[in-house]
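Enquirer: Have a look at this one before I ask anything.
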């Protein structure tokens with residue numbers, strides 16, 4: 001990871017929902033050398049990582065038992081940044097050369113995997129959003145959310161939208177602008193897995209835009225797809241890329257804090273065993289994970305992760321661990337940037353969609369658009385599978401609102417079977433573009 005100016009504590013604490021000391025096999029104090037300084041790694045002890053050490057790239061260590069991790073770090077000194085206990089993974093910072101630490105830890109018994117952290121970039125399209133003539137307003141001349149109407153969210157009964165309040169969507173992303181009017185009253189909790197703190201300000205703007213599409217408030221500028229569903233904000237990075245161990249810790253935190261749906265609007269070409277473990281953890285506990293398929297269709301169209309962990313390469317629509325989401329345009333075709341192939345589950349509008357913009361984001365990244373009748377907040381258009389995924393996450397909350405007894409796999413299947421492909425899968429759009437009203441109707445048991 002780039003320089004960690006945050007100089008996190010090498011405290012040996014579990015970053016997975018609540019903090020508690022790591023249960024080492026021995027209660028005696030343990031020491032690790034960090035750039036010439038000794039750092040105490042005792043049960044319950046806290047010691048700061050020296051600033052010069054935090055500039056090293058973090059390394060993730062998958063271990064069999066806490067005792068194996070303890071022994072390995074005694075023999076190969078490094079600063080322990082954190083442990084995600086449910087996944088048996090630790091993050092460490094090298095005391096010296098990263099390559100030496102990698103080789104040394106790999107030789108230690110009880111260490112399953114050692115590797116540098118895998119980077120994920122946000123799945124926002126590289127192409128500049130372009131407004132399409134005739135799509136600037138809703139059918140009644142109101143806001144600019146064409147995506148809301150083309151996906152049939154406006155046809156969902158009010159009672160179902162209200163019932164979605166029982167369900168929480170975790171936005172595992174760059175944080176949010178909590179002062180954005182579109183998110184007023186929708187945030188159930190906030191947490192930054194890297195600190196850990198509850199401050200989740202969003203200088204990137206990506207997380208704010210994503211959250212507004214998942215469950216924005218129609219009374220304040222942006223009607224999200226999730227009706228009255230609540231948002232759990234889990235910040236895993238401050239810029240446009242995240243480390244997989246932060247993403248995995250965010251997934252675990254979300255599950256432990258009641259999120260029924262977890263949105264991952266990020267992508268990368270490298271598979272992560274840590275993310276895979278976190279996704280299995282979420283699925284085993286009844287959560288539905290939704291991930292962006294990626295925007296590299298015009299740059300090799302290589303399957304991207306974590307989406308390809310949910311709908312594995314070669315599965316071609318077979319049931320997976322969640323939903324991998326591509327982007328469609330206003331006409332219902334695949335957006336040119338949206339990745340396609342056997343790992344895509346379905347699609348949702350993702351070309352020039354309208355959402356809330358963080359006041360702290362750059363004008364070049366999120367150009368502002370005037371919203372008629374608004375008295376505050378910032379709004380704009382953006383493109384990417386990043387913004388298709390939270391629409392599906394919101395739609396899942398409505399399906400669950402219609403029938404709370406459904407399992408996550410059933411919610412996913414309903415969204416797939418009611419999409420524009422009418423139950424037929426294809427490489428471009430998976431099962432097609434979501435039809436939220438049809439999905440809700442099927443969940444309620446009525447005819448399509």
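Bear in mind these aren't lab numbers, they're just calculated from the coordinates by the rules spelled out. What you see is a predicted model; the values in this text were computed from it and never measured. Counting neighbours? That spans all protein chains shown, and the Cβs are built from the backbone with ideal geometry, glycine included.
Enquirer: Going by how many other beta carbons lie within 10 Å of each one, how would you line up 60, 416, fewest first?
Expert: 416, 60
Enquirer: Report the relative contact order of the range 122-444, percent, no decimals, based on alpha-carbon pairs under 8 angstrom and at least 6 residues apart.
Expert: Working: 933 pairs, mean separation 72.8, N = 323.
Over the range 122-444, the number comes to 23 percent.
Enquirer: Regarding the range 315-357, what is the average projected area of its C-alpha convex hull, in nm²?
Expert: That works out to 3.8 nm².
Enquirer: Taking only the alpha-carbon atoms of the range 241-393, what semi-axes of the equivalent ellipsoid follow from 5 times the gyration tensor eigenvalues under a square root, in whole Å, largest first?
Expert: Three semi-axes, in Å: 26, 20, 14.
Enquirer: Could you put 257, 206, 422 in order, starting from the residue whose Cβ has the fewest other Cβ atoms within 10 Å? Write out the running numbers ahead of the final one.
Expert: Details: 257 16, 206 30, 422 12.
Sorted ascending by nearby Cβ count, the order is 422, 257, 206.
Enquirer: Turning to a different aspect of this structure: Give me the mean projected area, in nm² to one decimal, of the convex hull enclosing the Cα positions of the range 286-347.
Expert: Averaged projected hull area, Cα only: 4.0 nm².
Enquirer: D for the range 318-441, whole µm²/s, Stokes-Einstein with Kirkwood Rh over alpha-carbon pairs at 10 °C and 1.306 mPa s: what number?
Expert: Rounded to a whole number, D works out at 104 µm²/s.
Enquirer: Once the mean 1/r over all distinct Cα pairs of the range 172-295 is inverted, what Kirkwood radius in angstroms do you read off?
Expert: Radius from the Kirkwood sum: 14.4 Å.
Enquirer: Rank-order 346-354, 91-99, 332-340, 383-391 by packing density, defined as the average count of other C-beta atoms within 10 Å over each peptide's residues, highest first. Mind dumping the intermediate values first?
Expert: Numbers: 346-354: 30.0, 91-99: 19.6, 332-340: 21.4, 383-391: 31.6.
Going by the mean number of other Cβ atoms within 10 Å, highest first, we get 383-391, 346-354, 332-340, 91-99.
Enquirer: So if I take the centroid of the Cα atoms in the range 185-225 and the same for the range 152-178, what is the distance between those two points in Å?
Expert: Comparing the Cα centres of the range 185-225 and the range 152-178, I get a distance of 11 Å.
Enquirer: Scaled to the compact-protein estimate 2.2 N^0.38 Å, what is the alpha-carbon radius of gyration of the range 122-444, rounded to two decimal places?
Expert: Against the empirical 2.2 N^0.38 Å value, I get 0.86 for the range 122-444.
Enquirer: Quick one: what Rg and Dmax do you get for the range 166-240 from the alpha carbons, in Å?
Expert: Cα radius of gyration and Dmax of the range 166-240 are 11.1, 33 Å respectively.
Enquirer: Is the shape of the range 379-418 best called rounded, prolate or oblate, per the rule: a/c under 1.5 gives rounded, else a/b larger than b/c gives prolate, else oblate, with a ≥ b ≥ c the square roots of the Cα gyration tensor eigenvalues?
Expert: The shape class here is prolate.
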